[in-house]
Amino acid sequence: MTISGTTRLAGVIGWPVTHSRSPLLHNHWCARHGVNGAYVPLPVRPGALATALAGLAAAGFEGVNVTIPHKEDAFGLVTRRTHVAQRAGAVNTIRFEPDGSMTGDCTDGTGFIADLRARGIEAVRRAMVLGAGGAARAIAAALLDAGGEVLIANRTAARAEALTRALCGGEAVRWHAWPARLEGCDLLVNATSLGLTGAEGSDGAGYWVQCLERAPSALAVADIVYNPLRTPLLAAAETRGLTTVDGLGMLIQQARAGFASWFGIWPEADAETRALLLVTPD
Ligand code: NDP
């Protein structure tokens, strides 16, 4: 890639940001689609987001992705938000507009739904969402907006209850009770950090096997954790013969809208893109 005076610039703001696969993904798409663009990691400390956004806009960047821990702060800093960002209570994709304003979007939930559809899961009637953090909120909002019923179970019950209030929808379920409430669900989503390499409680393969013992046979099981790709939950679901959806598809799908808004092309979410991320560890 040759960077010239006309190269369009974007990047990802996070702290830390070294683990992000977004530069790999976006620069792959630039090369694949012949876009004169570059996408860089932007380490920005907590508290410095407003300064960074103003500086990047002034320096001619097209826009940025925003990741941990800045998504909620970005929500408060943009000039306007999409309906989806408003529902999600977070912003992960910003476009710097020619008039100096900033438009904020949240593509996590829509990316999750797009990946389900790409895998042939067109409609979700009733979903059990595990977690009440940022990703769970975006996913629950997207599932509700797509017309489904949503049950939300979280280790800290008060956060699940607060989430149903914020979304004006969904039903909070006690954490220990979620396996017994799978009856009638067609989707289970793990949007907690359980299963993530190195996270607390990540070694509980037996836990998930037990939880899925009485799961309906038509249940699809999604895990948005993608490190490892085959999480203990997905392994347990496979053992039960259930349809599984890993977290890499959501990662790719949520990135597409930003690329399209900054570089003007809707990029491919194909096997080549997936293979690129599969062979490149964090
Ligand atoms: P948050 O920190 O906002 O939320 C973490 C959630 O995990 C909370 O609901 C928390 O419950 C729960 N949790 C943490 N530890 C445990 C445990 N031991 N037992 C039960 N529940 C637990 O994180 P995010 O919502 O931003 O991200 C969640 C996961 O999703 C991460 O692993 C992240 O890597 C992944 N992710 C994947 C994406 C993709 O594109 N595939 C995109 C975004 C995130 P409590 O409220 O009780 O603390």
Exercise. In Å and from the alpha-carbon atoms only, list the Rg and Dmax of segment 101-162.
Key: 12.6, 39
Quiz prompt | segment 106-141 residues near the modelled residue 72 label - backbone nitrogen below 15 Å, point 7 Å along Cα→Cβ | solution = 132-138
Quiz item: Rounded to the nearest 5, what is the percent of antiparallel bridges among the DSSP beta bridges in segment 1-152?
Solution: 30 percent
Exercise. Amide H neighbours of residue 247 under 5 Å, at least 5 residues apart or on other chains, H built in the peptide plane: list them.
Key: 223
Quiz item: What percentages, rounded to whole numbers, describe P(r) for segment 23-144 computed over all alpha carbon pairs with 5 Å bin width beginning at zero?
Solution: 2, 10, 18, 19, 20, 16, 9, 5, 1, 0
Exercise. Tell me the Kirkwood hydrodynamic radius of segment 65-134 in angstroms, computed as one over the mean inverse distance between distinct C-alpha pairs.
Key: 13.3 Å
Quiz item: Once you list every other residue whose beta carbon is under 13 Å from the beta carbon of residue 266, what net charge do they have if Lys and Arg are +1 and Asp and Glu are -1?
Solution: 0
Exercise. Go through 266, 178, 15 and list them by solvent-accessible area, largest first, probe radius 1.4 Å.
Key: 266, 15, 178
Practice problem: Describe numerically, in nm with one decimal, the distance between label points set 7 Å from Cα along Cα→Cβ at residue 48 and at residue 181. | Solution: 4.2 nm
Quiz item: What are the extents of the Cα atoms of segment 175-239 along their three principal axes, listed from largest to smallest and rounded to whole Å?
Solution: 32, 21, 19
Quiz item: By the scheme Lys and Arg +1, Asp and Glu -1, what is the net charge of all other residues having a beta-carbon under 13 Å from that of residue 173?
Solution: +1
Quiz prompt | Calculated [θ] (222 nm, deg cm²/dmol) that DSSP helices of n ≥ 4 give over the chain, each run adding -39,500 (n - 2.57) | solution = -11000 deg cm²/dmol
Quiz item: How far, in degrees from 0 to 90, does helix 248-263 lean away from the longest principal axis of the Cα atoms of the chain, to the nearest 10?
Solution: 30 degrees
Quiz item: To the nearest 0.05, how large is the calculated FRET efficiency for residue 24 and residue 235 if R₀ is 22 Å and r is the Cβ-Cβ distance?
Solution: 0.25
Self-check item: Sulfur and carbon atoms: percent of accessible area, segment 95-145 [1.4 Å]
Solution: 49 percent
Quiz item: To the nearest 10 degrees, how steeply does helix 157-167 sit against the main Cα axis of the chain, on a 0 to 90 scale?
Solution: 60 degrees
Quiz item: Long-range amide H contacts for residue 171: which residues qualify at under 5 Å (H placed 1.01 Å from N, peptide plane, sequence gap of 5 or more or a different chain)?
Solution: 150, 151, 152
Exercise. Would you work out if segment 129-282 is rounded, prolate or oblate? Take a ≥ b ≥ c from the square roots of the eigenvalues of the alpha-carbon gyration tensor; rounded if a/c is under 1.5, else prolate when a/b is larger than b/c, oblate otherwise.
Key: oblate
Quiz item: Quick one: Karplus J couplings for segment 220-232, per residue in order, coefficients 6.51, -1.76, 1.60, θ = phi - 60°, nearest Hz, x for Gly and Pro?
Solution: 9, 10, 10, 10, 7, 5, 10, 9, x, 5, 8, 6, x
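May I ask you to give the solvent-accessible area per residue for segment 48-198, in square angstrom, as obtained with a 1.4 angstrom probe?
I get 42 Å² per residue for segment 48-198.
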Quiz prompt | Amide H partners (placed H, <5 Å) of residue 220, local residues excluded | solution = 187, 188
Quiz item: Taking a temperature of 4 °C and a viscosity of 1.567 mPa s, what whole-number D in µm²/s does Stokes-Einstein yield for the chain with Rh from Kirkwood over alpha carbon pairs?
Solution: 67 µm²/s
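Out of all DSSP beta bridges with both ends in the chain, state the antiparallel percent to the nearest 5. Walk me through the intermediate numbers first.
Working: 7 of 40 bridges.
Bridges in the chain are about 20 percent antiparallel.
With a 1.4 Å probe and all protein chains left in place, how much of the accessible area of segment 48-87 comes from carbon and sulfur atoms, in whole percent? Write down the numbers at each step before the final one.
Numbers: 1160 of 1930 Å².
That fraction is 60 percent.
Roughly speaking, to the nearest percent, how much of segment 234-282's 1.4 Å accessible area is carbon and sulfur? The partial results should precede the final answer.
Details: 1140 of 2030 Å².
For segment 234-282, the apolar C and S fraction of the accessible surface comes to 56 percent.
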Exercise. With only alpha-carbon atoms counted, please give the Rg and Dmax of segment 147-207, in Å.
Key: 12.6, 35
Quiz item: If packing is taken as the mean number of other Cβ atoms within 10 Å per residue, what is the order of 8-14, 211-217, highest first?
Solution: 8-14, 211-217
Quiz item: Between the helical axis of 108-118 and the dominant principal axis of the chain, each derived from Cα atoms, what acute angle in degrees is found, rounded to the nearest 10?
Solution: 70 degrees
Practice problem: Just read off the accessible area of residue 78 with the full protein assembly in place, 1.4 Å probe, to the nearest 10 Å². | Solution: 10 Å²
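The values are calculated or read from the model by the stated rules, or taken from the named source; none is laboratory data. Treat the numbers as computed from the prediction; the structure is a model and nothing was measured. Please note: Cβ atoms are built from the backbone with ideal geometry, for glycine as well, and neighbour counts cover all protein chains shown. The area values use the complete protein model at the heavy-atom level, side chains included, leaving out ligands, DNA and RNA. Shrake-Rupley method; radii C 1.70, N 1.55, O 1.52, S 1.80 Å.
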